[in-house]
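Worksheet: one structure, shown below.
The values are calculated or read from the model by the stated rules, or taken from the named source; none is laboratory data. Keep in mind that this is a model prediction, so the values were computed, not measured. Here the Cβ positions follow ideal geometry from the backbone for every residue, glycine too, while neighbour counts run over all protein chains shown. Heavy atoms of the whole protein, side chains included, go into the accessibility calculation; ligands, DNA and RNA do not. Shrake-Rupley method; radii C 1.70, N 1.55, O 1.52, S 1.80 Å.
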Amino acid sequence: MDRRKFLRNTGLGMLALASPISFSSCGEPTRKVAKSGKLNLSFESYELKLRHSFNLAKYSRTTTPGVQVRLEYDGIIGYGEASMPPYLGESVESVTKFLSQLDLSQFNDPFRIEDIHDYMDKVAPDNRAAKASVDIALHDLLGKIMEQPWYKIWGLNPENAPDTSFTIGIDKADIVRKKVDEAEPYNVLKVKMGLDNDKELVDIIRSKTNRPICVDANQGWNDKEKALEMCHWLSERNCLFVEQPMPKEMIDETAWLRERSPLPIIADEFLQRLPDVMRAAQAYDGINIKLMKSTGMHEAYKMAVLAKSMGMKVMLGCMTETSCAVSAASQLAPMVDWADLDGNLLIANDIFDGMKIVNGKVTIPERPGIGVIPL
Ligand code: MG
(Lines give C-alpha, C1' and ligand atoms only; values in the text may rest on other atoms or scores of the structure.)
Protein backbone atom coordinates (compact mmCIF):
# COMPACT_ATOMS: atom_id res chain seq x y z
CA MET A 1 0.00 0.00 0.00
CA ASP A 2 1.19 3.56 -0.72
CA ARG A 3 2.49 4.91 2.58
CA ARG A 4 0.50 8.13 2.37
CA LYS A 5 -2.62 6.00 1.88
CA PHE A 6 -1.41 3.87 4.80
CA LEU A 7 -1.18 6.93 7.03
CA ARG A 8 -4.51 8.39 5.94
CA ASN A 9 -6.51 5.22 5.38
CA THR A 10 -9.82 4.81 7.23
CA GLY A 11 -10.90 6.77 10.22
CA LEU A 12 -8.43 9.63 9.96
CA GLY A 13 -6.87 11.13 13.05
CA MET A 14 -9.15 14.11 13.24
CA LEU A 15 -12.11 11.82 13.81
CA ALA A 16 -11.11 12.44 17.41
CA LEU A 17 -13.55 15.29 17.17
CA ALA A 18 -16.35 12.76 16.60
CA SER A 19 -15.83 11.11 19.98
CA PRO A 20 -15.51 13.84 22.57
CA ILE A 21 -15.08 13.43 26.30
CA SER A 22 -18.27 13.91 28.28
CA PHE A 23 -18.63 14.56 32.00
CA SER A 24 -20.57 12.56 34.56
CA SER A 25 -22.90 14.16 37.11
CA CYS A 26 -20.07 14.24 39.70
CA GLY A 27 -17.89 16.15 37.29
CA GLU A 28 -15.59 13.21 36.50
CA PRO A 29 -14.66 12.91 32.84
CA THR A 30 -16.00 9.76 31.20
CA ARG A 31 -15.10 8.38 27.81
CA LYS A 32 -18.27 6.97 26.33
CA VAL A 33 -16.43 5.15 23.56
CA ALA A 34 -13.76 3.49 25.72
CA LYS A 35 -15.54 0.33 26.87
CA SER A 36 -16.68 -1.00 23.51
CA GLY A 37 -13.53 -0.38 21.51
CA LYS A 38 -10.37 -2.30 20.75
CA LEU A 39 -6.88 -1.14 19.91
CA ASN A 40 -5.95 -2.01 16.32
CA LEU A 41 -2.27 -1.77 15.42
CA SER A 42 -0.97 -1.56 11.84
CA PHE A 43 2.52 -0.75 10.55
CA GLU A 44 4.61 -0.34 7.42
CA SER A 45 8.33 0.13 6.75
CA TYR A 46 9.49 3.57 5.55
CA GLU A 47 13.11 4.35 4.68
CA LEU A 48 14.31 7.81 5.67
CA LYS A 49 16.55 9.52 3.10
CA LEU A 50 19.20 11.82 4.57
CA ARG A 51 20.00 15.22 3.04
CA HIS A 52 23.72 14.69 3.70
CA SER A 53 25.56 11.46 4.34
CA PHE A 54 25.71 11.03 8.12
CA ASN A 55 29.32 10.59 9.24
CA LEU A 56 30.08 9.68 12.85
CA ALA A 57 33.28 8.59 14.54
CA LYS A 58 32.45 4.94 13.95
CA TYR A 59 30.44 4.75 10.68
CA SER A 60 28.70 6.58 7.81
CA ARG A 61 25.32 6.19 6.07
CA THR A 62 22.84 7.93 3.67
CA THR A 63 19.55 6.36 4.80
CA THR A 64 17.94 5.25 8.07
CA PRO A 65 15.47 2.36 8.19
CA GLY A 66 12.14 3.20 9.82
CA VAL A 67 8.68 1.81 10.48
CA GLN A 68 5.48 3.90 10.55
CA VAL A 69 2.75 2.80 12.96
CA ARG A 70 -0.98 3.52 13.27
CA LEU A 71 -3.00 2.69 16.36
CA GLU A 72 -6.75 2.92 15.84
CA TYR A 73 -9.42 3.01 18.55
CA ASP A 74 -13.08 3.71 17.82
CA GLY A 75 -12.25 5.59 14.63
CA ILE A 76 -9.47 7.71 16.16
CA ILE A 77 -5.96 7.24 14.76
CA GLY A 78 -2.74 7.66 16.73
CA TYR A 79 0.50 7.90 14.75
CA GLY A 80 3.83 6.47 15.84
CA GLU A 81 7.23 5.73 14.41
CA ALA A 82 10.32 3.59 14.97
CA SER A 83 13.68 4.79 13.65
CA MET A 84 16.51 2.28 13.63
CA PRO A 85 20.03 3.65 13.15
CA PRO A 86 22.09 0.45 12.80
CA TYR A 87 24.27 0.96 15.89
CA LEU A 88 21.23 0.45 18.15
CA GLY A 89 20.80 -3.11 16.90
CA GLU A 90 17.21 -2.90 15.66
CA SER A 91 16.09 -3.30 12.03
CA VAL A 92 12.90 -3.30 9.93
CA GLU A 93 12.86 -7.08 10.39
CA SER A 94 13.21 -7.00 14.19
CA VAL A 95 10.67 -4.17 14.60
CA THR A 96 8.03 -5.76 12.35
CA LYS A 97 8.60 -9.12 14.03
CA PHE A 98 8.05 -7.54 17.46
CA LEU A 99 4.97 -5.60 16.35
CA SER A 100 3.53 -8.75 14.73
CA GLN A 101 3.76 -10.52 18.09
CA LEU A 102 1.68 -7.89 19.88
CA ASP A 103 -2.01 -8.42 20.56
CA LEU A 104 -3.17 -5.00 21.71
CA SER A 105 -6.81 -5.92 21.10
CA GLN A 106 -6.76 -7.42 24.63
CA PHE A 107 -6.76 -3.85 26.03
CA ASN A 108 -10.22 -2.36 25.85
CA ASP A 109 -9.11 0.80 27.68
CA PRO A 110 -6.35 2.66 25.81
CA PHE A 111 -5.58 4.69 28.97
CA ARG A 112 -3.86 1.65 30.54
CA ILE A 113 -0.43 2.94 29.51
CA GLU A 114 1.42 1.14 32.33
CA ASP A 115 -0.27 -2.19 31.56
CA ILE A 116 0.50 -1.87 27.86
CA HIS A 117 4.19 -1.15 28.59
CA ASP A 118 4.40 -4.04 31.07
CA TYR A 119 2.89 -6.30 28.41
CA MET A 120 5.37 -5.13 25.75
CA ASP A 121 8.31 -5.67 28.12
CA LYS A 122 7.08 -9.23 28.73
CA VAL A 123 6.82 -9.95 25.00
CA ALA A 124 10.53 -9.10 24.55
CA PRO A 125 13.11 -7.38 26.79
CA ASP A 126 14.74 -5.10 24.21
CA ASN A 127 13.16 -3.80 20.95
CA ARG A 128 13.14 -0.27 22.36
CA ALA A 129 12.43 1.55 19.08
CA ALA A 130 9.60 -0.91 18.31
CA LYS A 131 8.08 -0.22 21.75
CA ALA A 132 8.57 3.52 21.22
CA SER A 133 6.53 3.36 18.00
CA VAL A 134 3.57 1.88 19.91
CA ASP A 135 4.02 4.28 22.85
CA ILE A 136 4.09 7.34 20.56
CA ALA A 137 0.98 6.18 18.68
CA LEU A 138 -0.74 5.49 22.02
CA HIS A 139 0.08 8.97 23.33
CA ASP A 140 -1.14 10.51 20.08
CA LEU A 141 -4.37 8.55 20.38
CA LEU A 142 -4.92 9.44 24.05
CA GLY A 143 -4.17 13.11 23.48
CA LYS A 144 -6.73 13.14 20.66
CA ILE A 145 -9.32 11.46 22.90
CA MET A 146 -8.63 14.12 25.57
CA GLU A 147 -8.36 16.79 22.84
CA GLN A 148 -5.14 18.13 24.36
CA PRO A 149 -1.44 18.13 23.44
CA TRP A 150 0.79 16.20 25.83
CA TYR A 151 2.75 19.20 27.07
CA LYS A 152 -0.56 20.47 28.50
CA ILE A 153 -1.51 17.10 29.95
CA TRP A 154 1.90 17.08 31.68
CA GLY A 155 1.33 20.66 32.90
CA LEU A 156 4.30 22.14 31.05
CA ASN A 157 4.73 25.69 29.77
CA PRO A 158 5.66 25.62 26.06
CA GLU A 159 7.45 28.97 26.47
CA ASN A 160 10.11 27.10 28.46
CA ALA A 161 11.12 24.94 25.48
CA PRO A 162 14.77 25.64 24.63
CA ASP A 163 16.51 26.34 21.34
CA THR A 164 17.38 23.25 19.36
CA SER A 165 20.89 22.55 18.20
CA PHE A 166 21.49 21.73 14.54
CA THR A 167 23.99 18.99 13.75
CA ILE A 168 27.16 19.57 11.77
CA GLY A 169 28.53 16.11 10.96
CA ILE A 170 32.12 15.09 10.37
CA ASP A 171 32.97 15.97 6.77
CA LYS A 172 35.41 17.61 4.36
CA ALA A 173 36.19 21.29 5.04
CA ASP A 174 34.18 22.69 2.11
CA ILE A 175 31.12 20.61 3.05
CA VAL A 176 31.42 21.68 6.71
CA ARG A 177 31.43 25.33 5.57
CA LYS A 178 28.31 24.66 3.48
CA LYS A 179 26.59 22.99 6.42
CA VAL A 180 27.39 25.99 8.66
CA ASP A 181 25.73 28.24 6.04
CA GLU A 182 22.68 25.94 6.03
CA ALA A 183 22.56 26.14 9.82
CA GLU A 184 22.05 29.92 9.78
CA PRO A 185 18.48 29.72 11.28
CA TYR A 186 19.70 27.85 14.37
CA ASN A 187 21.13 29.42 17.52
CA VAL A 188 23.19 26.41 18.67
CA LEU A 189 25.32 24.10 16.53
CA LYS A 190 26.04 20.50 17.46
CA VAL A 191 29.40 19.27 16.31
CA LYS A 192 30.06 15.57 15.84
CA MET A 193 33.62 14.63 16.82
CA GLY A 194 35.79 11.65 17.57
CA LEU A 195 38.26 11.67 14.65
CA ASP A 196 41.81 13.03 14.34
CA ASN A 197 40.68 16.37 12.85
CA ASP A 198 38.37 17.44 15.71
CA LYS A 199 40.09 20.78 16.35
CA GLU A 200 40.23 21.54 12.63
CA LEU A 201 36.45 21.05 12.42
CA VAL A 202 35.83 23.53 15.25
CA ASP A 203 38.30 26.01 13.76
CA ILE A 204 36.40 25.89 10.43
CA ILE A 205 33.11 26.55 12.24
CA ARG A 206 34.63 29.32 14.33
CA SER A 207 35.98 30.98 11.16
CA LYS A 208 32.33 31.43 10.12
CA THR A 209 30.32 31.92 13.33
CA ASN A 210 30.61 32.55 17.07
CA ARG A 211 27.28 30.91 17.93
CA PRO A 212 27.50 28.43 20.85
CA ILE A 213 28.34 24.86 19.99
CA CYS A 214 27.80 21.60 21.80
CA VAL A 215 30.05 18.68 21.08
CA ASP A 216 29.17 15.02 20.65
CA ALA A 217 32.24 12.77 20.57
CA ASN A 218 30.10 9.63 20.13
CA GLN A 219 32.52 7.62 22.35
CA GLY A 220 35.40 8.66 20.09
CA TRP A 221 38.01 9.72 22.70
CA ASN A 222 39.74 6.70 24.26
CA ASP A 223 42.27 8.58 26.38
CA LYS A 224 41.04 10.48 29.46
CA GLU A 225 43.94 12.97 29.41
CA LYS A 226 43.21 13.80 25.77
CA ALA A 227 39.50 14.09 26.56
CA LEU A 228 40.26 16.55 29.39
CA GLU A 229 42.55 18.58 27.16
CA MET A 230 39.75 18.75 24.55
CA CYS A 231 37.23 19.86 27.20
CA HIS A 232 39.53 22.73 28.24
CA TRP A 233 40.18 23.68 24.61
CA LEU A 234 36.46 23.63 23.80
CA SER A 235 35.53 25.61 26.92
CA GLU A 236 37.54 28.51 25.46
CA ARG A 237 35.50 28.31 22.24
CA ASN A 238 31.95 28.91 23.48
CA CYS A 239 31.06 25.23 23.91
CA LEU A 240 28.08 24.41 26.17
CA PHE A 241 28.77 20.74 27.00
CA VAL A 242 30.39 17.53 25.76
CA GLU A 243 28.26 14.49 25.02
CA GLN A 244 29.58 10.93 25.43
CA PRO A 245 33.28 11.81 25.24
CA MET A 246 34.56 8.31 25.94
CA PRO A 247 33.37 4.75 25.28
CA LYS A 248 30.38 3.88 27.46
CA GLU A 249 32.33 1.08 29.18
CA MET A 250 34.95 3.58 30.51
CA ILE A 251 32.90 4.59 33.55
CA ASP A 252 35.78 5.28 35.98
CA GLU A 253 37.64 7.32 33.37
CA THR A 254 34.48 9.32 32.61
CA ALA A 255 33.95 9.99 36.33
CA TRP A 256 37.60 11.16 36.49
CA LEU A 257 36.94 13.48 33.54
CA ARG A 258 33.72 14.80 35.07
CA GLU A 259 35.60 15.80 38.24
CA ARG A 260 38.04 17.92 36.23
CA SER A 261 36.17 19.11 33.15
CA PRO A 262 35.14 22.79 32.94
CA LEU A 263 32.22 21.64 30.73
CA PRO A 264 29.27 19.40 31.70
CA ILE A 265 29.69 15.77 30.59
CA ILE A 266 26.48 14.25 29.19
CA ALA A 267 25.65 10.55 28.77
CA ASP A 268 24.14 9.33 25.51
CA GLU A 269 25.20 5.84 24.38
CA PHE A 270 25.79 5.02 28.08
CA LEU A 271 22.10 5.03 28.90
CA GLN A 272 18.85 3.79 27.47
CA ARG A 273 16.00 3.51 29.97
CA LEU A 274 14.89 4.63 33.44
CA PRO A 275 17.14 2.33 35.56
CA ASP A 276 20.19 3.69 33.70
CA VAL A 277 19.64 7.22 35.07
CA MET A 278 20.93 6.29 38.55
CA ARG A 279 23.99 4.60 37.01
CA ALA A 280 24.68 7.66 34.88
CA ALA A 281 24.72 9.89 37.97
CA GLN A 282 27.98 8.19 39.05
CA ALA A 283 29.97 9.47 36.10
CA TYR A 284 28.01 12.11 34.19
CA ASP A 285 26.56 15.58 34.84
CA GLY A 286 23.51 14.90 32.70
CA ILE A 287 21.69 12.58 30.33
CA ASN A 288 20.51 12.65 26.74
CA ILE A 289 16.98 11.20 26.56
CA LYS A 290 15.79 9.88 23.20
CA LEU A 291 12.41 8.26 22.60
CA MET A 292 13.95 5.44 20.52
CA LYS A 293 16.10 4.47 23.53
CA SER A 294 13.57 5.06 26.32
CA THR A 295 10.72 3.02 24.71
CA GLY A 296 8.82 6.24 24.08
CA MET A 297 7.25 9.20 25.85
CA HIS A 298 5.99 7.46 28.99
CA GLU A 299 9.40 6.40 30.25
CA ALA A 300 11.16 9.46 28.82
CA TYR A 301 9.01 11.66 31.07
CA LYS A 302 9.93 9.55 34.11
CA MET A 303 13.63 9.74 33.18
CA ALA A 304 13.49 13.53 32.95
CA VAL A 305 11.74 13.80 36.33
CA LEU A 306 14.26 11.47 38.00
CA ALA A 307 17.32 13.15 36.51
CA LYS A 308 16.08 16.62 37.46
CA SER A 309 15.31 15.45 41.00
CA MET A 310 18.97 14.42 41.32
CA GLY A 311 20.19 17.79 40.06
CA MET A 312 21.34 16.39 36.72
CA LYS A 313 21.18 18.25 33.43
CA VAL A 314 18.67 16.89 30.92
CA MET A 315 19.09 16.94 27.17
CA LEU A 316 16.42 15.79 24.73
CA GLY A 317 17.66 14.19 21.52
CA CYS A 318 16.37 12.16 18.61
CA MET A 319 17.47 9.91 15.79
CA THR A 320 16.93 10.78 12.15
CA GLU A 321 13.14 10.65 12.27
CA THR A 322 10.11 12.14 10.53
CA SER A 323 8.20 14.96 12.24
CA CYS A 324 6.11 12.22 13.88
CA ALA A 325 8.64 11.06 16.49
CA VAL A 326 10.34 14.48 16.69
CA SER A 327 7.00 16.16 17.51
CA ALA A 328 6.34 13.50 20.14
CA ALA A 329 9.70 14.31 21.75
CA SER A 330 9.01 18.05 21.52
CA GLN A 331 6.14 17.65 24.02
CA LEU A 332 8.84 17.11 26.68
CA ALA A 333 10.98 20.04 25.57
CA PRO A 334 9.80 22.49 28.30
CA MET A 335 11.34 20.13 30.91
CA VAL A 336 14.87 20.03 29.51
CA ASP A 337 18.00 22.16 29.56
CA TRP A 338 19.02 21.51 25.96
CA ALA A 339 17.20 20.13 22.93
CA ASP A 340 18.70 18.43 19.91
CA LEU A 341 15.54 17.92 17.88
CA ASP A 342 16.75 18.26 14.33
CA GLY A 343 16.09 14.71 13.10
CA ASN A 344 13.24 15.75 10.80
CA LEU A 345 15.35 18.59 9.36
CA LEU A 346 18.06 16.13 8.34
CA ILE A 347 15.78 14.02 6.11
CA ALA A 348 14.52 14.78 2.59
CA ASN A 349 11.27 12.77 2.69
CA ASP A 350 9.27 13.84 5.76
CA ILE A 351 5.63 12.69 5.67
CA PHE A 352 4.21 14.67 8.61
CA ASP A 353 3.64 18.30 9.54
CA GLY A 354 4.39 18.90 13.20
CA MET A 355 6.89 20.56 15.51
CA LYS A 356 8.57 23.65 14.07
CA ILE A 357 11.74 25.52 14.88
CA VAL A 358 10.85 29.23 15.13
CA ASN A 359 13.76 31.65 15.61
CA GLY A 360 15.84 28.64 16.60
CA LYS A 361 13.44 27.58 19.37
CA VAL A 362 11.47 24.33 19.67
CA THR A 363 7.83 25.32 19.00
CA ILE A 364 5.26 22.69 19.93
CA PRO A 365 2.18 22.42 17.68
CA GLU A 366 -1.17 23.56 19.09
CA ARG A 367 -2.82 20.28 18.17
CA PRO A 368 -4.02 17.38 20.31
CA GLY A 369 -1.85 14.31 20.92
CA ILE A 370 1.69 14.60 19.58
CA GLY A 371 0.57 17.40 17.25
CA VAL A 372 1.09 15.92 13.80
CA ILE A 373 -0.95 15.58 10.63
CA PRO A 374 0.11 13.41 7.66
CA LEU A 375 1.26 15.38 4.60
MG1 MG B 1 24.94 11.50 20.91
Test of the criteria: in region 209-312, which GluC sites (Glu not before Pro) are in a DSSP loop and have at most 13 other Cβ atoms within 10 angstrom of their Cβ? GLU236, GLU249
Need one number: nm distance between label points at MET310 and TRP154, each 7 Å from Cα along Cα→Cβ, rounded to one decimal. 1.8
Please turn the phi angles of region 270-285 into ³J(HN,Hα) values with the Karplus equation 6.51 cos²θ - 1.76 cosθ + 1.60 (θ = phi - 60°), one per residue in order, whole Hz, x for glycine and proline. 4, 10, 10, 10, 3, x, 6, 5, 4, 5, 5, 4, 5, 10, 10, 7
Under a 5 Å amide H to amide H cut-off, with H placed in plane at 1.01 Å, what residues pair with ASP163 once short-range neighbours are removed? VAL362
For ASP203 and MET278 in the same chain, what is the full-extension length gain: residue separation times 0.36 nm, less their Cα-Cα distance, in nm? 23.4 nm
Scattering profile of region 276-375 from the Debye formula, Cα beads only, expressed as log10 I(q)/I(0) at q = 0.20, 0.25 Å⁻¹, is -0.94, -1.33
Shape of region 152-374, Cα gyration tensor, a/c cut at 1.5: oblate
Considering only DSSP beta bridges where both residues belong to region 152-374, give the percentage that are antiparallel (nearest 5). 20
Relative contact order (%) - criterion: Cα under 8 Å, at least six apart; region: the chain: 18
Tell me, what is the per residue accessible area of the chain in Å², probe radius 1.4 Å? 40
Ordered by residue, what ³J(HN,Hα) values in Hz, to whole numbers, does region 301-313 give under the Karplus form 6.51 cos²θ - 1.76 cosθ + 1.60, where θ = phi - 60° and Gly and Pro are x? 4, 4, 4, 5, 5, 5, 4, 5, 5, 9, x, 8, 6
As I understand it, the dipole of the chain uses +1 on the Cβ of Lys and Arg and -1 on the Cβ of Asp and Glu, about the Cα centre. Which of TYR73, LEU234, PRO125 lies farthest toward its positive end? TYR73
Given 10 Å bins starting at zero, what is the percent of C-alpha pairs of the chain in each, up to the one with the largest pair distance? 5, 25, 33, 23, 10, 3, 0
Given LYS248/LYS293; LYS152/LYS190; LYS208/LYS361; LYS131/LYS293; LYS192/LYS248, the pairs whose alpha carbons are separated by over 18 Å: LYS152/LYS190; LYS208/LYS361
Under the 7 Å Cα-to-Cβ spin-label approximation, GLU93 and LEU375 lie apart by a distance in nanometres of 3.1
In whole percent, what relative contact order does region 215-258 give with Cα contacts below 8 Å and a gap of six or more residues? 57
